[in-house]
Amino acid sequence: MILTVTLNPSVDRALEVDALVRGEVLRAGDSHIDPGGKGVNVSRALLANGLRSTAVVPTGGAEGDQLVDLLKGEGVDMLAVPIAGRTRSNITLAEPDGTVTKINEAGPVVSDAEFAQVSDAVLAVASAADWVVICGSLPPGPSIAAFADLCERLVAAGSRLAVDSSGPALLAGVAAGAALVKPNREELAEAVGAEPATLGDVIEACERLRAAGAGAVLASLGADGAVLVDADGVLCGVSPVPVPRSTVGAGDALLAGFLAGGARGSAALTEGLAWGAAAVSLPGSRMPTPADLDRTHVSVTPDPDPSRRLHP
Ligand SMILES: Nc1ncnc2c1ncn2[C@@H]1O[C@H](COP(=O)(O)OP(=O)(O)OP(=O)(O)O)[C@@H](O)[C@H]1O
Ligand SMILES: O=P(O)(O)OC[C@@]1(O)O[C@H](CO)[C@@H](O)[C@@H]1O
């Protein structure tokens with residue numbers, strides 16, 4: 001069982017628009033509402049592929065109730081911790097060429113007492129989980145010290161911890177000795193203070209995060225695929241998608257597929273890339289099912305060309 005923790009979940013509303021024009025009234029085509037937040041998406045992707053997980057989510061207000069209903073509707077096993085604030089709603093505007101504009105709310109303030117309740121809920125069930133996967137932004141309220149403390153306690157208790165976050169929260173996961181971190185290109189650049197231009201730069205940045213405490217680094221690079229750096233060495237892979245439809249949640253699908261594939265070596269990276277590519281081909285933040293996965297287009301190599309330039 002995998003335990004996902006989304007400290008700042010959302011109700012995701014996606015609207016399809018012909019073209020984004022500032023200052024105009026835009027008429028939406030298709031629209032859909034999904035339960036959202038990065039850990040929630042990892043749970044949804046695992047479930048879509050028949051794998052068990054429990055999603056821990058602080059929830060509050062009408063949107064919190066809606067999130068719980070949406071998760072129930074999809075059959076996601078959850079542990080909802082009530083908070084006083086209102087769960088956020090995030091908006092996606094999707095254009096026909098695959099361009100996605102996202103507007104994410106900051107999220108409700110989570111008080112110290114509420115964060116302690118969420119932490120206790122996580123720690124109470126963590127020992128039964130194969131992985132504890134903490135994903136997404138931190139809500140306003142909890143200090144980085146409190147977040148770092150949660151990560152450290154999980155690692156000290158013997159949990160395999162994965163962290164997919166940004167800025168200080170990502171670095172706290174690294175410093176706590178997370179078994180896995182999953183930065184995207186921007187998060188990696190922020191973590192090491194340098195914009196990667198080549199595959200070699202990415203590998204070097206991943207090695208720096210490993211030296212700082214992370215067991216493995218899975219760097220997601222959008223159309224440039226993903227790089228895995230762990231104790232076994234370096235693997236790079238791509239899975240081209242001719243017409244991307246929506247990249248929302250692609251990183252979450254990549255992470256879920258990587259964990260489902262055993263979280264190690266070429267087989268796991270191949271699985272992650274297949275799930276990521278499938279998510280990109282689906283609308284909104286829809287997570288891929290087995291029927292959506294095509295592993296034949298994935299290529300993974302232990303011997304990448306470090307001078308390969310990333311897409312600008
Ligand atoms: N344009 C694309 N073409 C092909 N594959 C893509 C594309 N964009 C994303 N992917 C796949 O999805 C994975 C995750 O993408 P990305 O690096 O954008 O994650 P992310 O920024 O964490 O996404 P999110 O935060 O929306 O979940 C990539 O590693 C790749 O496998
Ligand atoms: O604001 P955060 O926590 O960084 O990201 C939240 C979010 O954009 O991430 C998911 C896609 O990865 C969406 O379901 C959700 O709206």
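The values are calculated or read from the model by the stated rules, or taken from the named source; none is laboratory data. A quick note: this is a predicted structure, and the numbers were derived from the prediction, not measured. Cβ coordinates were reconstructed from backbone atoms using ideal geometry, including for glycine residues, and neighbour counts include every protein chain displayed. Heavy atoms of the whole protein, side chains included, go into the accessibility calculation; ligands, DNA and RNA do not. Shrake-Rupley method; radii C 1.70, N 1.55, O 1.52, S 1.80 Å.
Sorted largest first by accessible area at a 1.4 angstrom probe radius, with every protein chain in place, the residues R22, R308 fall in the order R22, R308.
Rg over Rh of region 72-177, using C-alpha atoms and the Kirkwood radius, what does it come to? Can you show the working numbers first?
Values: Rg = 15.6 Å, Rh = 15.5 Å.
For region 72-177, the value is 1.01.
Once divided by 2.2 N^0.38 Å, the Cα radius of gyration of region 14-107 becomes 1.22. Dipole orientation for the chain: of the candidates T198, L123, P306, L123 has the Cα lying most toward the positive pole (charges on Cβ; Lys, Arg +1; Asp, Glu -1).
Each residue of region 98-115 is assigned a 3J(HN,Hα), and the resulting list reads x, 5, 10, 10, 10, 10, 9, 5, 5, x, x, 5, 10, 6, 4, 5, 5, 5 Hz, derived from the Karplus form 6.51 cos²θ - 1.76 cosθ + 1.60 (θ = phi - 60°), x at Gly and Pro.
Once the Cβ-Cβ distance between E95 and E186 is put in as r, and R0 is 22 Å, what FRET efficiency do you end up with, to the nearest 0.05? Efficiency for this residue pair is about 0.55.
Quick one: dipole size for the chain, taken about the Cα centre, charges +1 on Lys/Arg Cβ and -1 on Asp/Glu Cβ, in debye to the nearest 20.
Numbers: 22 positive and 37 negative charges, 46 e Å.
That gives the chain a dipole magnitude of about 220 debye.
Ratio of Rg to Rh for the chain: 0.95 [Cα atoms; Kirkwood radius as inverse mean 1/r over pairs]. In region 171-268, what percentage of the DSSP-assigned beta bridges are antiparallel, given to the nearest 5? Around 75 percent antiparallel, to the nearest 5. Under a model in which nothing but the beta-carbon of Lys, Arg (+1) and Asp, Glu (-1) is charged, region 39-92 shows a dipole of about 120 debye around its Cα centre.
State the percentage of accessible surface on region 1-54 attributable to carbon and sulfur atoms; use a 1.4 Å probe and exclude ligands, DNA and RNA. The partial results should precede the final answer.
Details: 1130 of 2450 Å².
Summing carbon and sulfur atoms, their accessible area is 46 percent of the total for region 1-54.
From the largest down, region 1-63 spans 47, 28, 17 angstrom on the principal axes of its Cα atoms.
Carbon-plus-sulfur accessible fraction, region 131-188 (probe radius 1.4 Å, protein heavy atoms only): 55%. In the chain, what percentage of the DSSP-assigned beta bridges are antiparallel, given to the nearest 5? Just about 45 percent of them are antiparallel. The stretch between A212 and R153 holds 19.4 nm of extra length on full extension. This uses 0.36 nm per residue minus the Cα-Cα distance.
Just by accessible area at a 1.4 angstrom probe, what is the order of K72, K38 from largest to smallest? Walk me through the numbers before you get to the answer.
Numbers: K72 135, K38 80 Å².
My answer, sorted largest first, is K72, K38.
Amide H to amide H, with H built 1.01 Å from N, L7 comes under 5 Å of C135, counting only residues 5 or more places away or on other chains. Here region 1-146 is treated with +1 on each Lys and Arg Cβ and -1 on each Asp and Glu Cβ, and its dipole about the Cα centre works out to around 180 debye.
Add +1 for every Lys or Arg and -1 for every Asp or Glu among the other residues with Cβ under 14 Å from the Cβ of E186, and state the total. Local charge sum for E186: -3.
Add +1 for every Lys or Arg and -1 for every Asp or Glu among the other residues with Cβ under 14 Å from the Cβ of L209, and state the total.
Values: positive: K182, R185, R208, R210; negative: D164, E187, E190, D201, E204, E207, D230.
Net charge around L209: -3.
In straight-distance terms, cross-link reach from K182 covers every one of the lysines whose alpha-carbon lies under 19 Å from its own, apart from those fewer than eight places away in the same chain; here that gives K38. The 3J(HN,Hα) values that the Karplus relation (6.51, -1.76, 1.60; θ = phi - 60°) gives for region 155-169 are, in residue order, 5, 4, 7, x, 6, 7, 9, 10, 10, 10, 9, 10, x, x, 5 Hz. Gly and Pro appear as x. Of the listed residues S127, S53, the order by accessible area with a 1.4 Å probe, largest first, is S127, S53. Note that region 180-312, at 25 °C in a medium of 0.890 mPa s, gets a Stokes-Einstein diffusion coefficient of 170 µm²/s from its Kirkwood radius over C-alpha pairs.
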